[in-house]
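The values are calculated or read from the model by the stated rules, or taken from the named source; none is laboratory data. These figures come from a predicted structure and were not determined experimentally. Backbone-built Cβ (ideal geometry, glycine too); neighbour counts: all protein chains shown.
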């Protein structure tokens with residue numbers, strides 16, 4: 001269970017760093033007020049009305065189609081702080097937390113078993129068979 005949680009949190013943090021640094025664009029194509037196509041990583045498909053307007057470029061200069069591009073920018077730089085960048089109070093809290101966390105999980109002490117290597121005496125006579133007393 002502990003290894004599963006460790007892998008889960010590690011994967012979650014790695015994905016968080018990945019998605020916070022990725023940039024992408026969302027391109028939307030409108031024909032009038034109607035949304036025709038949305039595209040995330042490629043160019044949005046144009047409607048047939050705009051293709052018609054490009055063919056008749058000299059006849060009609062005004063277009064009813066428009067493109068809207070939304071850019072989602074990720075972080076450019078990741079700031080890595082060291083222990084020396086923290087102020088004295090933060091260093092004290094971090095050091096004491098680390099010390100108490102590491103000493104929280106101490107191993108169990110070795111139990112001393114005095115009769116660990118004791119061997120019982122040799123059996124000369126079996127009392128139960130001798131007295132004909134059996135557990136039923």
Inset, instruction - Give the number of residues within region 1-29 that are surrounded by fewer than 10 Cβ atoms within 10 Å (Cβ to Cβ) and within 27 Å of residue 42 (Cβ to Cβ). - result: 1
Inset, instruction - Looking for whichever is closer than 30 Å to residue 21 by Cβ and in a strand (DSSP E or B) here; the options are 81, 68. Which one fits? - result: 68
Inset, instruction - Select from region 87-112 the residues that are in a loop (DSSP other than H, G, I, E, B) and either within 29 Å of residue 2 (Cβ to Cβ) or in contact (Cβ under 8 Å) with a residue 60 or more places away in the chain (or both) and list them in ascending order. - result: 105, 106, 107, 108, 109, 110, 111
Inset, instruction - Tell me, please, whether a residue that is within 30 Å of residue 27 (Cα to Cα), without any contact (Cβ under 8 Å) to a residue 12 or more places away in the chain and out of contact with any helix residue (DSSP H, G or I) (no Cβ under 6 Å at 6 or more places or on another chain) can be found in region 77-86. - result: yes
Inset, instruction - Taking only region 83-111 into account, find how many residues are surrounded by fewer than 10 Cβ atoms within 10 Å (Cβ to Cβ) and more than 23 Å from the chain's Cα centre (by Cα). - result: 16
Inset, instruction - Residue by residue through region 1-30, note down the ones that are under 21 Å from residue 74 (Cβ atoms) and touching a strand residue (DSSP E or B) at 6+ places or on another chain (Cβ under 8 Å). - result: 23, 24, 25, 26, 27, 28
Legend entry - Test result for residue 76, surrounded by fewer than 10 Cβ atoms within 10 Å (Cβ to Cβ) and at pLDDT below 80: yes
